[in-house]
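The values are calculated or read from the model by the stated rules, or taken from the named source; none is laboratory data. Everything numeric here is computed off the predicted structure, so don't read it as measured data. Please note: Cβ atoms are built from the backbone with ideal geometry, for glycine as well, and neighbour counts cover all protein chains shown. Surface areas here come from the heavy atoms of the whole protein model, side chains and all, with no ligands, DNA or RNA. Shrake-Rupley method; radii C 1.70, N 1.55, O 1.52, S 1.80 Å.
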Amino acid sequence: IARCLVGIANAQRGRKHLDAALDAAERALAIREHQIEPKNEFDIAASLGTIGNILHDQGDFYRALVYAKKAVEILSRCGQGDPRLAAA
């Protein structure tokens, strides 16, 4: 479900329906943070990055930076030596 919500968020962002995109991305993040065990830190960081990008598109640069920094923090902590870090 979270993966589908990210797809919806990206499609809505592409259509410039940013409120709907943000809603879908936030729902995906909530699922990934609270309902999936074991937690996949890379997926959580990706959701944070998606939200940051949507907020940037909305012109909310402060909040976009907050989300981007959270994503970097997670990736820096869990991605040491992991080739997925460069892709993320």
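Structure notes:
- Residue tally, condition farther than 12 Å from Leu55 by Cα and in contact (Cβ under 8 Å) with a residue 24 or more places away in the chain, over the range 17-26: 0
- Selection within the range 37-88 - modelled with pLDDT under 90 and open to solvent by less than 30 Å² (accessible area, probe 1.4 Å): Ile74, Leu75, Gly79
- Residue match in the range 19-35 (condition: outside any helix (DSSP H, G or I), among the charged types (D, E, K, R) and over 23 Å from Glu73 (Cα atoms)): no
- Count of the range 57-79 residues, restricted to those that are under 15 Å from the mean Cα position of the chain (by Cα) and farther than 22 Å from His17 by Cβ, is 9.
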